[in-house]
Each structure stands twice: as C-alpha cells, then as structure tokens.
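Colleague: Below is a structure I'd like to ask you about.
The values are calculated or read from the model by the stated rules, or taken from the named source; none is laboratory data. Here the structure is a predicted model, which means the values were calculated and not measured. Reconstructed Cβ throughout: ideal geometry from the backbone, glycine too, with neighbour counts over all protein chains shown. SASA here: full protein model, heavy atoms, side chains in, ligands and nucleic acids out. Shrake-Rupley method; radii C 1.70, N 1.55, O 1.52, S 1.80 Å.
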Amino acid sequence: TMVTKMKNVMKGEFTMRTVRLVAVAVFALSMLLAARPANADIPTCHQLIQALRQATAGVTISEKDRATLQSKLTDADAKIDQAKFCDALEKLIQFRDKVNSLLAAAKPKISQEDADLLLSGVNDAIACVQELITNAGTTCP
C-alpha cells in the first residue's frame, strides 16, 4: 500500500518505483498549487513573476528580446508593490503580446515550445493579478 511504501521511504528503503511514485506525486501537487492561485496575494503574484523571469532567462531568443521581456516583468513587479494592479496587468499583457509577436514573425524568433512555456507562465501571473484587482474592488480601464 502507499502508506507502507511511504514508511519504507522514511526508513530509507527506496525502490525505484517508490522514488518515481513520490516524485510524480510531488510534481503533481506542485503543479496543482502553481496552476491556479486560489487565494491570490501579492507574494504569490511575485513568485509567479519570478518563475516567469527564470523561464524567460532560459529560453532561446535574442538578448534584445529577452531584455524587453525581462523589463516588462520588472515593471509588473514594481507596479504590484505600488498596489497599481491595473498597470501590472498591462505590463503582463504586453509581455504576452511580445511573446506572441515573436512566435508569429515571418521567421519565428522563438520556438513553439519556448513560447508555450512563457505563455503558460504569463497567463498564470495575469490570473493572479486579475484576482488582486478583483479583491481590491478595482476596475481597470
């Protein structure tokens, strides 16, 4: 049973199947927690933007495009700190639009895989900021 396997893991009795099972469970749980910020707060939004910043650093794009994207994230982070959530949302939408324009170029400047990674991350960050906006009772123009 799972409980017995977990006890064995705690005793140091690892089997490859047990290690894989635990790894899959931990990964699935982390994805569930990261996928939808259920009770969005400022630290959660900052964490999502930081994860997106790291993903942006790792994708294959020009340094100029990377700097543009990173700048949008830095600006969004700063706007969140200033409680200017609509401005933060605007910066994240600009990030998403830039990724889409890189992908849609006649000769794409980003791979579909890298674009999907960044778009998934920015959509999570956008959802978080949208929840901050809702929780603050704010309406964006």
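Colleague: Looking at region 42-141, what helices (runs of 4 or more DSSP H) fall wholly within it and have at least 2 residues that are at pLDDT 95 or above and on the phi > 0 side of the Ramachandran plot?
Modeller: Ranges flagged: none.
Colleague: Shifting gears a bit: Just give me the residues in region 51-67 being in contact (Cβ under 8 Å) with a residue 24 or more places away in the chain and exposed (fewer than 14 other Cβ atoms within 10 Å of the Cβ), in sequence order.
Modeller: Scanning region 51-67 gives Thr60, Ser62.
Colleague: Go through (1) at pLDDT 95 or above; (2) out of contact with any Lys or Arg (no Cβ under 8 Å at 6 or more places or on another chain) for Pro37 and report which single condition fails.
Modeller: Every listed condition holds for Pro37 apart from (1).
Colleague: Another question, if that's okay. Hey, can you tell me all the residues within region 105-141 that are acidic (Asp, Glu), within 18 Å of Leu69 (Cβ to Cβ) and surrounded by 18 or more Cβ atoms within 10 Å (Cβ to Cβ)?
Modeller: Listed by number, the residues that qualify are Asp114, Asp124.
Colleague: Same structure, new question: In region 68-99, which residues are among the small types (Gly, Ala, Ser) and open to solvent by less than 60 Å² (accessible area, probe 1.4 Å)?
Modeller: Correct list: Ser71, Ala76, Ala78, Ala88.
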